[in-house]
Amino acid sequence: MKNFEEDKIMFVGADANKNTDHPDKYPICYMIGMGKIFKKFVNPNNLEYKNLLESWFNIKTIDNKGAISNPFSQFSDESLIRTLRKRWDPESKKIILVNRGWENGLAKNRIDRANWKIDMKKLKRGEYIDSHLPRPLSENFDKIKPLTDFLDIDLGDVYNYSTYKILSLISKRTKKILTKIIKLINKTKIKPKVMLDIGACEGEISVYFKTKFPNCDVYTFEANPYYYK
């Protein structure tokens, strides 16, 4: 941060794509700058929020991955930012580049979801810089728990942890059956509006169904009065 200048944008980890066809496509997770500078290249025409997003729908970018109307697998936020940045600073005189150091496509001293492994000795020595967590979070609490425990983060305060605990009650065999059912429903393009679960036990199947069809009203009922005793 000692080289930071208020009239410029700093990219930390600028060497991420050094040996690729797009060396000037920098990670946006560590872009540093003043709000007024971000506004100059993100929203130079002072557009309203909706109009600003619409201006990015079919935006032309170098690798055709910057338009937010693209399918998720063909969209890159870094491509969008590169295009906006170059419009503002075509000669790249208003940016500061700081290298991070990379090995085999992974940032040094990062606990990365691409190769998730936590070295607890290294963690305790303070050698890690950051972590890119596995996704979706709701299905990976077990993996990240050693890290959150070390950082004294209570997973009970994390969104969807209660959902995760309930889903963990589903057996592997039941989950395979549910997965097949969900695939069949999606194949028919049916959009369920109501789901009734009679004899729901802990309600784990209802919760699973709700995660797959969030717009569906799910009603759960356990009829056995002795189940919870």
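The values are calculated or read from the model by the stated rules, or taken from the named source; none is laboratory data. Just so it is clear, the structure is predicted and the values come from calculations on it, not from any experiment. When we count neighbours, we look across all protein chains shown, and the Cβ atoms used for this are built from the backbone with ideal geometry, even at glycine. Just so you know, the surface numbers come from the protein's heavy atoms only, side chains and all, with ligands and any DNA or RNA stripped out. Shrake-Rupley method; radii C 1.70, N 1.55, O 1.52, S 1.80 Å.
Listed values (1) 59; (2) 43; (3) 34 include one computed from this model; for percent of Cα pairs over 26 Å apart that value carries the label (1).
Between the residues Pro146, Ser171, Tyr128, the greatest Cα displacement towards the positive end of the dipole of the stretch 70-178, with unit charges on the Cβ of Lys, Arg, Asp and Glu, is found for Ser171.
Note on the chain: helix-only mean residue ellipticity at 222 nm, from DSSP H runs of 4+ residues weighted -39500 (n - 2.57) and normalised by residue number, equals -9500 deg cm²/dmol.
Any idea what angle helix 77-88 forms with the longest principal axis of the chain, computed on alpha-carbon atoms, 0 to 90 degrees, nearest 10? Approximately 30 degrees, to the nearest ten. Taking every C-alpha pair closer than 8 Å and separated by at least 6 residues, the mean separation divided by the residue count of the chain gives a relative contact order of 14 percent.
Here is the list for the stretch 83-132: GluC sites (Glu not before Pro) lying in DSSP coil, each with at most 14 other C-beta atoms within 10 angstrom of its C-beta, are Glu91, Glu127. Among the trypsin sites (Lys or Arg not before Pro) within the stretch 3-40, those in coil by DSSP and having at most 11 neighbouring Cβ atoms inside 10 Å are Lys18. For the stretch 6-82 and the stretch 84-135, compute the distance between their C-alpha centroids and round to whole Å. So the separation of the two Cα centres works out to 17 Å.
Here the stretch 1-77 is treated with +1 on each Lys and Arg Cβ and -1 on each Asp and Glu Cβ, and its dipole about the Cα centre works out to around 100 debye.
Computed over protein heavy atoms with a 1.4 angstrom probe, the accessible surface ordering of Phe41, Phe209, largest first, is Phe209, Phe41. Couplings 3J(HN,Hα) of the stretch 54-61, computed from phi: 4, 5, 9, 4, 10, 4, 7, 10 Hz, in residue order, whole Hz [Karplus 6.51 cos²θ - 1.76 cosθ + 1.60, θ = phi - 60°; x for Gly and Pro]. Rounded, prolate or oblate, given the Cα gyration tensor of the stretch 1-66, with a/c below 1.5 counting as rounded? It comes out oblate by the Cα gyration axes. Residue ranking by accessible heavy-atom surface, 1.4 Å probe, largest first, among Leu47, Leu151, Leu167, Leu80 comes out as Leu151, Leu47, Leu167, Leu80. Database remark: amide H of Ile68 closer than 5 angstrom to the amide H of Phe57, Ile59 (H placed geometrically; neighbours at sequence offset of 5 or more, or on other chains; Pro and chain starts carry no H). Highest mean first, the peptides 183-195, 50-62 sorted by other C-beta atoms within 10 Å per residue fall in the order 50-62, 183-195.
Counting only protein heavy atoms and using a 1.4 Å probe, the accessible area of His22 comes to about 60 Å². Straight-distance candidates among the lysines for linking to Lys93, with alpha-carbon spacing under 26 Å and chain neighbours fewer than 8 residues away dropped: Lys2, Lys8, Lys18, Lys25, Lys36, Lys39, Lys40, Lys60, Lys65.
For the chain, DSSP calls about 25 percent of its internal beta bridges antiparallel. Each of Asn64, Trp88, Asn46 was placed along the dipole of the stretch 33-178 (beta-carbon charges, centred on the mean Cα), and the one lying farthest toward the positive end is Asn64.
Dipole size of the chain about its Cα centre, with +1 on Lys/Arg Cβ and -1 on Asp/Glu Cβ: approximately 680 debye, rounded to the nearest 20. For the stretch 183-199, the Karplus equation 6.51 cos²θ - 1.76 cosθ + 1.60, evaluated at θ = phi - 60°, returns couplings of 5, 5, 4, 5, 5, 7, 6, 6, 10, x, 9, 9, 10, 10, 10, 9, x Hz by residue, with Gly and Pro reported as x. Checking the Cα-Cα distances for Lys143/Lys172; Lys50/Lys191; Lys117/Lys180; Lys122/Lys172; Lys189/Lys210 against a 26 Å cut-off, the pairs over it are Lys50/Lys191; Lys117/Lys180; Lys122/Lys172. Using alpha-carbon pairs under 8 Å, 6+ residues apart, how would you state the relative contact order of the stretch 1-54 in percent? Result for the stretch 1-54 is 32 percent. The listed residues Tyr30, Tyr219 rank as Tyr219, Tyr30 when sorted by accessible area, largest first, using a 1.4 Å probe.
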